[in-house]
Amino acid sequence: MSDLKIVELGEMVSAPYCTKLFADLGADVVKIERPRIGDRSRTRGPFPNDDVHPEKSGLFLYLNTNKRGVTLDVATLEGFGIFEDFIADADVLVHNVAPPEMDRIGLNFDRLRRINSALIMTSIAPYGLSGPYRNYRSEDLTLWCAGGVCVLNGGGPDHSEMPPLKTFGHQAGYQGGVHAATATIAAVLARAAGEAGQHVEVSVQESIASQLEMTFEYWPYAKMIASRHGQKPVQPAEMMRCKDGYIYLCCIFEHHWRAFVEIMGNPEWADEEIFSDGPKRAQNWDALKIFLEEWVSRQTVLDLYRKAQAKRVPFAPVSTMDDLLNSEHLQARDFFVEIAQPVAGTHKYPGAPVKFSQTPWAVRMPAPTLGQHNAEIFGGWLGMTSARIEALTHKGVI
C-alpha cells in the first residue's frame, strides 16, 4: 500500500474517510484544501475545551491522520493546471466535489485520463452523477432521510406522534466513504490485473439504501412499513432502563423466555395465560411491559447481562460513549489511540476496526495543519522553486 499515491480533493466526511482508510494502512495521501479556508470540517466540533479553532476540530483531526496537506484553489485556471500536474503522477483521485461544481471547473474523468491513462478517479456524490437529482446539494440529514433510514427510526403507523429520526453525527458521509474505499481498492486490484484505469462513481443515497436489509420487502410482501415502533410478532424484544443504563431484552424463542423467567425468580404473573407464548406476549405487551419495567428497573445492566449470558439468552447492554471509552475489551484490543497534534494537543481517538498480520495499522502522523506540506509537496513532488511557491501563495492560488 505504501507505493499507492492518492490525491484527495475532499471536504467533510465521505472523501476524507475513504482516503483515511488508505492512509492509515500506509498509502501516500495528499489532501488538497482551499487556501485560507480549508476543509469545512475544520469548523465542526467537538473542540477541546470549546476552543473553536480550525486546527482543533475533533472531526477533522480524526478523519485526516497520516495525510500530507496542501492548499490549492482548483477553481482557478492556474490552480487547476497545478492540480493536473498532481494527477499526472497519481494512482488514485478521490473527491466529493458537488456535480455542478465539477462541471464548472472541468473536473471530469475524460479530461484527466488524457493526462494519466492509468488513473482511478473515485467520485462521491449525494445522488450519483446521473439522474434527475444529480445536481442536488445535500447535507447528512438530507441524505440519511433520502436513503430511507430516518423512516425506520420513526414511530410508524401506530405512533404517528413520533416523527422520523436521524442518528447523531455524519453517518451518511461515513457510509459513502467506506463504500467508496471498497470500490476504489477493487479498481486498484483490477488495474494490477491488467485492466485500465477507470471512473468509480459512488452515490451516498444508494450506499445507505443498500443496507436497509429486508425493509424493502415488507411493503410488497406484507403491506407493512418497517419502523422502530412497529408491532413485533413476539415479545419481549425491547430496550428497557436498568438503574444504571439501558439493556436490550431479546426473547425470540420460548426457551429464552423461560430462562429469563428463571432469572427473575419465577414470578407468579409469568404463568398467566396471556403470557404463555411469544405471540400472546406480543398481543398483551402493554400488560407485560409493566411487570418487566418494574423488575428491570431494579437491576444493573452488567449484572443482568451476565445472568442472561450464563443462560444463553441474547440480551445486550446499550453502550454509552463512556462505556466504550472504558471498555476492557476495546482497551485490550488497543482500539482507542492517543494522537498528539501540535495545536490541538494530545487526545484519544478511535483506531482501526480491522487488523492485518503483515501490514499493521498505525498512526504515523497527525492530521496536517492547513497548508503544512506546501513546500514539501509543491517543491518535492512537483519540482516548483521556492520563488514560484511564494508567488502562488501571494496570489491566493495556494
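The values are calculated or read from the model by the stated rules, or taken from the named source; none is laboratory data. Source: prediction; values computed, not measured. Neighbour counts are summed over all protein chains in view; Cβ atoms, including those assigned to glycine, are modelled from backbone coordinates with ideal geometry. Areas reflect the complete protein model, heavy atoms only, side chains present, ligands, DNA and RNA absent. Shrake-Rupley method; radii C 1.70, N 1.55, O 1.52, S 1.80 Å.
Some points to look at:
- Scanning region 94-119 for residues that are in a helix (DSSP H, G or I), open to solvent by 40 Å² or more (accessible area, probe 1.4 Å) and in contact (Cβ under 8 Å) with a residue 40 or more places away in the chain yields a total of 1.
- Against the test of being more than 20 Å from Ile185 (Cβ to Cβ) and modelled with pLDDT of 95 or more, the options Phe109, Phe60 yield a single qualifying residue, Phe60.
To keep it simple, each residue is scored yes or no on (1) touching a residue at least 24 places away in the same chain (Cβ under 8 Å); (2) not polar (S, T, N, Q).
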residue: Ala316; (1), (2): yes, yes
residue: Gln331; (1), (2): no, no
residue: Val354; (1), (2): no, yes
residue: Phe378; (1), (2): yes, yes
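- Applying the set (1) in contact with a Ser or Thr (Cβ under 6 Å, 6 or more places away or on another chain); (2) under 19 Å from Met365 (Cβ atoms); (3) surrounded by fewer than 18 Cβ atoms within 10 Å (Cβ to Cβ) to Arg42 leaves exactly one unmet item: (3).
- Single residue of region 281-307 satisfying the filter (under 35 Å from the mean Cα position of the chain (by Cα) and without any contact (Cβ under 8 Å) to a residue 12 or more places away in the chain) that is least open to solvent (accessible area, probe 1.4 Å): Asp303
- Residue within region 146-159 that is more than 18 Å from the chain's Cα centre (by Cα) and within 30 Å of Met102 (Cβ to Cβ) present: no
- Index of the failed condition, Ala190 passing every other in (1) without any contact (Cβ under 8 Å) to a residue 60 or more places away in the chain; (2) in a helix (DSSP H, G or I); (3) over 20 Å from Val354 (Cβ atoms); (4) within 13 Å of the chain's Cα centre (by Cα): (4)
- Answer residue from region 264-276, given it is out of contact with any helix residue (DSSP H, G or I) (no Cβ under 7 Å at 6 or more places or on another chain) and either at pLDDT below 95 or farther than 21 Å from Arg241 by Cβ (or both) and is most open to solvent (accessible area, probe 1.4 Å) among those: Glu268
- Extreme residue, surrounded by the most Cβ atoms within 10 Å (Cβ to Cβ), among residues of region 29-39 that are assigned to a strand (DSSP E or B) and in contact with a Phe, Trp or Tyr (Cβ under 9 Å, 6 or more places away or on another chain): Val29
- For Val261: the one exception among (1) of a type in the set (Val, Ile, Thr); (2) in contact (Cβ under 8 Å) with a residue 12 or more places away in the chain; (3) surrounded by 15 or more Cβ atoms within 10 Å (Cβ to Cβ): (2)
- Test: residue in region 233-244 that is modelled with pLDDT under 95, among the small types (Gly, Ala, Ser) and more than 30 Å from Trp295 (Cβ to Cβ): no
- The residue of region 57-93 that is farthest from Lys20 (Cα to Cα), among those that are of a type in the set (Gly, Ala, Ser) and either open to solvent by 30 Å² or more (accessible area, probe 1.4 Å) or assigned to a loop (DSSP other than H, G, I, E, B) (or both), is Ala75.
- The lone criterion from (1) touching a strand residue (DSSP E or B) at 6+ places or on another chain (Cβ under 9 Å); (2) buried (at least 16 other Cβ atoms within 10 Å of the Cβ) left unmet by Glu338 is number (2).
- Selection from region 166-211 of residues that are within 16 Å of Ala118 (Cα to Cα) and of a type outside the set (A, V, I, L, M, F, W, C): Thr184, Arg191, Gly194, Glu195, Gly197, Gln198, His199
- For region 128-173, filtering for residues that are in a helix (DSSP H, G or I) and modelled with pLDDT under 85 leaves 2.
- Number of the exception - Leu325 against (1) among the hydrophobic types (A, V, I, L, M, F, W, C); (2) open to solvent by less than 40 Å² (accessible area, probe 1.4 Å); (3) out of contact with any His (no Cβ under 7 Å at 6 or more places or on another chain); (4) within 29 Å of Pro353 (Cβ to Cβ): (2)
- Qualifying residue in region 237-254 (condition: open to solvent by 30 Å² or more (accessible area, probe 1.4 Å) and touching a Pro at 6+ places or on another chain (Cβ under 7 Å)): no
- Whichever residue in region 267-280 is assigned to a helix (DSSP H, G or I) and in contact (Cβ under 8 Å) with a residue 24 or more places away in the chain and, among such residues, is farthest from Ser319 (Cα to Cα): Pro279
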